[in-house]
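Worksheet: the structure to be examined is printed underneath.
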Amino acid sequence: LTQPVTPDLLVSPSSQDGDLGSECPEDRGNWTGRLDFLLSCIGYCVGLGNVWRFPYRAYTNGGGAFLVPYFIMLAICGIPIFFMELSLGQFSSLGPLAVWKISPLFKGVGMGTILIVSLVAIYYNMIIAYVLFYLFASLTSDLPWQHCGNWWNTDLCLDHHVIKAGNSSLPVNISNTVSPSEEYWSRYVLHIQGSSGIGDPGRIRWNLCLCLLLSWTIVYLCILKGVKSSGKVVYFTATFPYLILVMLLIRGVTLEGAWKGIQFYLTPQFDHLLSSKVWIEAALQIFYSLGVGFGGLLTFASYNTFHQNIYRDTFIVTLGNAITSILAGFAIFSVLGYMSQELGVPVNQVAKAGPGLAFVVYPQAMTMLPLSPFWSFLFFFMLLTLGLDSQFAFMETIVTAVTDEFPYYLRPKKASFSAVICIALFLMGLILTTEGGMYWLVLLDDYSAGFGLMVVVITTCLVVTRVYGMKRFCRDIHMMLGFKPGPYFRTCWMVLSPATMMALLVYNIVKYQPSEYGNYHFPTWAEALGILMGVLSCLMIPMGMVVAVLQEEGTLWERVQQASRPAMDWGPSLEENRTGTYVTSLSGSQSPKPLMVHMRKYGGITSYENTAIEVDREMEEEDEEESM
């Protein structure tokens, strides 16, 4: 008599001796700590825009009243799309290119995402280079932008210290003057007087070039081992900005005149809510602040275990991001209120957005404080940590997307491949370190992630809900989390989110305004180049469709239908997580019932296996109904 043999069906092909290993695909890498994913998402979403865009948008769009459309748009557009991206990434354990196995016809959406992220990564790291420049400049007893009289200053330079020392009771006319911090930024840091415009970049500013090299070096060292290394760095870069923000907030609100700025920031003007512009601005702030569509969220979620509670994480990150923006507004406007009182001008004359706030207005306010180098260093260190973890996400997105496409060749050489990407993007960013580099940065900022990004997000939403199918997507989430998304998520995914983003897209096109920097208006060829950047990411979608259709067989309509269906190996990456229709679709799969694999592994049926049984039963019932 022969000895009974355990059938191959009960043995996972991932292990010849029957040892089923861990739940994580080791060759791809996973988060090593419980909080790695959550902190990485917080670090990615909470970036420079929370400090230099939200406060300015709030005060120009109705002050405290702006919070009403802000939170409504967060509920309609922000939270649902955020959860959708996390669900896609975690369910498939794939990056933003390979995830389009869900519907290969639309793989061009992933290609468009990578193009957008690459362009953003180029100029975002240049902003980090500016921050490093100011950080080093703060390591002194006397800030270099504190006084006039330096070689870069002009006759228009007016020092507020001189006004104060004069103790004049007469108001000083500052309309035709320039602050020392503004001349330091434009004439010393940028040396923009050496360029006549975007077509005349001038010479490379070697101090900026070295700062850019340093910022790329920092980014590379932090993503060297993928999420295993960046997941540890974010424990510092995602939490430390909050400590500095609280310190700046406490210092700000204790200054004389601080209440004047806070009042200006928060005084509700409810008549603004009748304007469509305010609602559009709120949706734009949510859209860019949460970083949906850039592939970062999807990439981070793809390194999770299959049953990670991303439903809870979605609300923690999105609400935390909103609260951070509001807090940053208090920290910024309390200091601006003090500054306006010191200069004797209204708050709206000192308030600015974007780089103007970070590199001109706030540094000027720092010079008015005792221990100004200390506060300046803290402020720029906060900007550095805020910027870095967003940059980690951009780089991880690019690297993950390409390595998932060519896993056998690139995964073993991920560190070398990351180095190649960093060097290539550094070389492309060298034009930003020239005397006319700021013109190129503005062009990239205005066009790289404009309407192209919205088209990508709208297409993703429509493909998942209509091509792949809402019922199937909800079933996938049920299999993964143990419950189906409620009516709120389903309504937003089907109607509200795509409709809101369509409105945003139309508004952006109708209200299109050419780029400008200060008084400089960009030439027509530069505008055309910018529009081309945005259009190119959209063109990736039809190009991807053509490639997908050509790879299929049959008539044109048959090819389109075949290419729009999920690929054979679409589904959870690990065999024990595959159930129902996903059972036999994994390449090289030997096990028709992963549930048995689970039972061997855990010694019984867990709550997730109960879910798998429910999902299987649902699918069988649906198949019977269809056959009848």
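Brief remarks follow.
- Test: residue in the stretch 395-411 that is part of a helix (DSSP H, G or I) and closer than 26 Å to Gly518 by Cβ: no
- When the criteria are applied in full, Val253 meets the requirement of being out of contact with any Gly (no Cβ under 9 Å at 6 or more places or on another chain) and open to solvent by 70 Å² or more (accessible area, probe 1.4 Å).
- No other residue among Leu248, Leu221 is out of contact with any Gly (no Cβ under 9 Å at 6 or more places or on another chain) and in contact (Cβ under 8 Å) with a residue 40 or more places away in the chain apart from Leu248.
- Check on Phe426, assigned to a helix (DSSP H, G or I), within 30 Å of Asn519 (Cα to Cα) and open to solvent by less than 40 Å² (accessible area, probe 1.4 Å): yes
- Just one of (1) under 29 Å from Leu357 (Cα atoms); (2) open to solvent by 30 Å² or more (accessible area, probe 1.4 Å); (3) modelled with pLDDT under 90; (4) hydrophobic (A, V, I, L, M, F, W, C) fails for Cys24. It is (1).
- Looking only at the stretch 432-441, residues that are farther than 18 Å from Ser515 by Cα and either open to solvent by 40 Å² or more (accessible area, probe 1.4 Å) or β-branched (Val, Ile, Thr) (or both) come to 2 in all.
- Filtered by the rule that a residue be in contact (Cβ under 8 Å) with a residue 40 or more places away in the chain and outside any helix (DSSP H, G or I), the stretch 552-569 gives Arg565, Pro566, Ala567, Asp569.
- From Gly344, Gly354, residue being open to solvent by 10 Å² or more (accessible area, probe 1.4 Å) and either modelled with pLDDT of 90 or more or closer than 24 Å to Glu183 by Cβ (or both): Gly344
- Flag for Leu319 being open to solvent by 10 Å² or more (accessible area, probe 1.4 Å), in a helix (DSSP H, G or I) and within 19 Å of Arg57 (Cα to Cα): yes
- Per the conditions (1) buried (at least 24 other Cβ atoms within 10 Å of the Cβ); (2) of a type in the set (S, T, N, Q); (3) farther than 22 Å from Asn304 by Cα, the sole criterion not satisfied by Ser141 is (1).
- Checking the stated criteria, Gly78 turns out not to satisfy the condition of being closer than 21 Å to Leu505 by Cα, touching a residue at least 60 places away in the same chain (Cβ under 8 Å), open to solvent by 10 Å² or more (accessible area, probe 1.4 Å) and within 15 Å of the chain's Cα centre (by Cα).
- Reported count of residues in the stretch 45-64, each being of a type in the set (D, E, K, R) and in a loop (DSSP other than H, G, I, E, B), is 1.
- Condition met for Arg312 (closer than 30 Å to Trp100 by Cα and of a type in the set (Lys, Arg)): yes
- Residue check for Gly293: small (Gly, Ala, Ser), outside any helix (DSSP H, G or I) and buried (at least 23 other Cβ atoms within 10 Å of the Cβ): yes
- Only one of Phe483, Phe426, Phe451 that is under 20 Å from Gly293 (Cβ atoms) and aromatic (Phe, Trp, Tyr): Phe451
- Matching entry among Leu94, Leu115 (being crowded, with 24+ Cβ neighbours inside 10 Å, in contact (Cβ under 8 Å) with a residue 60 or more places away in the chain and not charged (D, E, K, R)): Leu94
- When each of Gln349, Gln391 is tested for being in a helix (DSSP H, G or I) and at pLDDT 90 or above, the lone residue that passes is Gln391.
- The stretch 212-248: number of residues that are under 30 Å from Gly437 (Cα atoms), open to solvent by 50 Å² or more (accessible area, probe 1.4 Å) and not in a helix (DSSP H, G or I): 1
- Test for Phe359: is it at negative phi and buried (at least 24 other Cβ atoms within 10 Å of the Cβ): yes
- Given (1) loosely packed, with under 14 Cβ neighbours inside 10 Å; (2) at pLDDT below 50, index of the condition Val597 fails: (1)
- Residue match in the stretch 274-285 (condition: in contact with a Phe, Trp or Tyr (Cβ under 9 Å, 6 or more places away or on another chain), modelled with pLDDT under 85 and over 28 Å from Thr113 (Cα atoms)): yes
- Checking Ile421 against (1) at pLDDT below 95; (2) within 24 Å of the chain's Cα centre (by Cα), the condition it does not meet: (1)
The values are calculated or read from the model by the stated rules, or taken from the named source; none is laboratory data. The structure presented is a predicted model; accordingly, all values stated were derived computationally and were not measured. Methodologically, a virtual Cβ is constructed for each residue, glycine included, from the backbone with ideal geometry; neighbour enumeration extends over all protein chains shown. The area values use the complete protein model at the heavy-atom level, side chains included, leaving out ligands, DNA and RNA. Shrake-Rupley method; radii C 1.70, N 1.55, O 1.52, S 1.80 Å.
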